[in-house]
Structures are given as C-alpha cells and as structure tokens.
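A.B. asks: Please see the structure below; I have some questions.
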Amino acid sequence: MLNPKTLLVSFSLLCGAIAFAQDRTISGKVVSTKENVGVAGVSITVKGTNTGTSTGPDGAFSLTAPAGRVTLQLSSVGYVTKEHVVEASQNNIVIDFRYLYNFHIF
C-alpha cells in the first residue's frame, strides 16, 4: 500500500505541473495595412508549435496558445510573411498585414 505522504507529494507535483501547462485563447483580426479591411485565408501558427488556424472571410481568427509571451507567424499569398509577438496580457489583437507588391487596380 502507498504511503499517504507519498500520495500527497505526488498529487502536489501533478497539480503544479498542470498549473504551469495552462493554455490561453488568442482572438483577433488580421487587416490589410493599405485598406484597413479584414484579410481572409491568412495562415497563422504559434511559432515553435504545430498549433495554427486560418482567418475567416472577415479576417477574424481564434487559436489556442501556451500561456505567456508567444510569437505568431502569419503567411498568405500576395502578402509579406510576418511574425507578431503577443504578450501574456494580450488576448484580443489586431494585426496589420502588408501586401507583397505595391500595385494599383485601374
């Protein structure tokens, strides 16, 4: 049979590990720098993880990230690939996304 002290220590260590492994949800919108409108289909990943998502038709997104400061990597055809740092206190953000080329539609 297990010693009660051993059980208590094991339980405390398990609770501590769970507390440090908490995730958070980061939500926001990706907008074009030039027009200030939402950009659809932008791939967003949390740097150093396999966690990611894509923006919806209005540029909105939501993803799960580790607690603390994280870096989001954004990419889409026709836009400059970007990294955006999200501080631990930020959970709702707006990210400016710049066209790869300067073009004009006549």
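A.B. asks: Nearest 5 is fine: what % of DSSP beta bridges in region 23-97 come out antiparallel, could you say?
C.D. replies: Working: 20 of 26 bridges.
The answer is about 75 percent antiparallel.
A.B. asks: Cα to Cα, under 14 Å, and not fewer than 8 places away if on the same chain: which aspartates and glutamates meet these conditions relative to Lys34?
C.D. replies: Cross-link targets: Asp96.
A.B. asks: Work out how much length Val94 to Ser54 would gain on full extension: take 0.36 nm times their residue separation and subtract the Cα-Cα distance, in nm to one decimal. It would help to have the intermediate numbers written out before the result.
C.D. replies: On the way: separation 40, 0.36 × 40 = 14.40 nm, distance 1.44 nm.
Full extension from Val94 to Ser54 adds 13.0 nm.
A.B. asks: Can you compute 3J(HN,Hα) from phi for each residue in region 73-80, using the Karplus curve 6.51 cos²θ - 1.76 cosθ + 1.60 with θ = phi - 60°, rounded to whole Hz and x for Gly and Pro?
C.D. replies: These are the phi-based 3J(HN,Hα) values: 10, 10, 8, 6, 4, x, 10, 6 Hz.
A.B. asks: What is the set of long-range amide H partners of Thr33 at a cut-off below 5 Å, with H atoms built 1.01 Å from backbone N?
C.D. replies: Phe97, Arg98, Tyr99
A.B. asks: Still on this structure, I have one more. What is the Cα coordinate range of region 54-106 on the first, second and third principal axes, sorted by size from largest, in whole angstrom?
C.D. replies: Principal axes ranked by extent give 46, 20, 15 Å for the Cα atoms.
A.B. asks: Just need the Rg to Rh number for region 23-97, please, alpha carbons only, Kirkwood Rh.
C.D. replies: Values: Rg = 11.3 Å, Rh = 12.1 Å.
In region 23-97, Rg relative to Rh is 0.93.
A short reminder: the numbers here are calculations on the coordinates, not readings from a lab. It should be emphasised that the depicted structure is a prediction, and the values quoted were computed from it without experimental measurement.
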